[in-house]
Amino acid sequence: MIQRLVAVLNGTSFHRGLALGALVGAAIAGSTLWGRIREARQRRS
């Protein structure tokens, strides 16, 4: 019983970490793309 509980909690922690990592990665990618767009617009002006 305790082993199952530990497995569920570890799985939940893993999924939370995975989701957080995906969000952070998406934020970094979005920031990079936004920076490239702004830089390209500044070159045109």
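The accessible area of LEU9, taken with all protein chains in place and a 1.4 Å probe, comes to roughly 100 Å². A value for semi-axes √(5λ) of the Cα gyration tensor in Å was derived from the coordinates, and within the list (1) 43, 4, 4; (2) 43, 7, 4; (3) 39, 12, 5 it appears as (1).
Between 0 and 90 degrees, the angle of helix 2-44 with respect to the longest Cα principal axis of the chain falls at about 0 degrees.
The values are calculated or read from the model by the stated rules, or taken from the named source; none is laboratory data. No experiment lies behind these values; they were computed from the predicted model shown. Ligands, DNA and RNA are excluded from the accessible area calculation, which covers all protein heavy atoms including side chains. Shrake-Rupley method; radii C 1.70, N 1.55, O 1.52, S 1.80 Å.
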